[in-house]
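Shown next, in structure tokens, is the structure this report addresses.
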Amino acid sequence: MALTRISSYTLATNAVGDAALSSTGVNTGTYGNGTNIPTFTVDEDGRLTAASNTSIANLSITTLTTSGNATIGGNLTVNGSVTTLSTETINLADNIIVLNSNATGAASENSGIEIERGDDTNVALRWNETSDNWELTTNGTNYYRILTSNSSITTGQLPTITSLGTVTSGTWTATNIDIAYGGTGASTAIAARTNLGIDEMTVDGGSY
């Protein structure tokens, strides 16, 4: 009579008791809770050979990706060199935004805000550390000083002014305004009358 090899078998329930199982060295207990993540090791026979808890407070993750919302209950510190936000709306409770926060020593780096305009040239608002002035650009190349109550202007710091509203006070210290631009082209009354073609006038006995 030939013997047929048994290829599979089923043990009856509770046929092997606890005393018959070899110890794996894993301590009995519950692993994982609100502050810990359970970590297990399983050998090739399917036995649990190690179990431990990893504190969430000390969790180290190389790459973290979420498909839903994330809420940070404490402070968030980013030590990388680039932070990219693809959000459409940013709401900040802070009323002061600090740029160049890692600057030390004498100020040397310009700082400001640049607006991406797609196919068109970007525009920007910046603080110029060389001239100690606020500036803006409308073409991405030429920057013009933003005037304040105590600003002084030199040639080239402003574009050509083609129109000007009513000046109610102040002292004109530039060159004479030509007749074509509403002036007299002169700095004295006599020269002004001559330029405007006004004859000598007699007022209260005096000639002018």
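The values are calculated or read from the model by the stated rules, or taken from the named source; none is laboratory data. No experiment lies behind these values; they were computed from the predicted model shown. Quick reminder, even Gly has a Cβ in these numbers, built from the backbone with ideal geometry, and neighbours come from all protein chains shown.
A single member of 55, 101 is under 30 Å from residue 23 (Cα atoms) and out of contact with any Pro (no Cβ under 9 Å at 6 or more places or on another chain), and it is 55.
So that you can scan it fast, the table gives a plain yes or no per residue for (1) in contact with a strand residue (DSSP E or B) (Cβ under 8 Å, 6 or more places away or on another chain); (2) part of a strand (DSSP E or B); (3) modelled with pLDDT of 90 or more; (4) on the phi > 0 side of the Ramachandran plot:
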{"position": "94", "(1), (2), (3), (4)": "no, no, yes, no"}
{"position": "100", "(1), (2), (3), (4)": "yes, no, yes, yes"}
{"position": "120", "(1), (2), (3), (4)": "no, no, yes, no"}
{"position": "149", "(1), (2), (3), (4)": "no, no, no, no"}
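Restricting segment 25-42 to residues that are in a loop (DSSP other than H, G, I, E, B), under 23 Å from residue 57 (Cα atoms) and β-branched (Val, Ile, Thr) leaves a set whose member that is nearest to the chain's Cα centre (by Cα) is 35.
Within segment 192-208, the set of residues being surrounded by 10 or more Cβ atoms within 10 Å (Cβ to Cβ) and either at pLDDT 85 or above or in a loop (DSSP other than H, G, I, E, B) (or both) comprises 198, 208.
Test residue 56 against the stated conditions and say whether it is at negative phi, of a type in the set (A, V, I, L, M, F, W, C) and surrounded by fewer than 10 Cβ atoms within 10 Å (Cβ to Cβ). So residue 56 fails the test. When restricted to residues that are of a type in the set (Gly, Ala, Ser), surrounded by fewer than 10 Cβ atoms within 10 Å (Cβ to Cβ) and within 22 Å of residue 134 (Cα to Cα), segment 81-113 contains 4.
The requirement of being at pLDDT 80 or above, within 28 Å of residue 98 (Cβ to Cβ), out of contact with any Cys (no Cβ under 8 Å at 6 or more places or on another chain) and part of a loop (DSSP other than H, G, I, E, B) is satisfied by residue 141.
Check whether at least one residue in segment 37-56 is closer than 30 Å to residue 87 by Cβ and modelled with pLDDT of 85 or more, and report yes or no. Yes, that holds for at least one residue.
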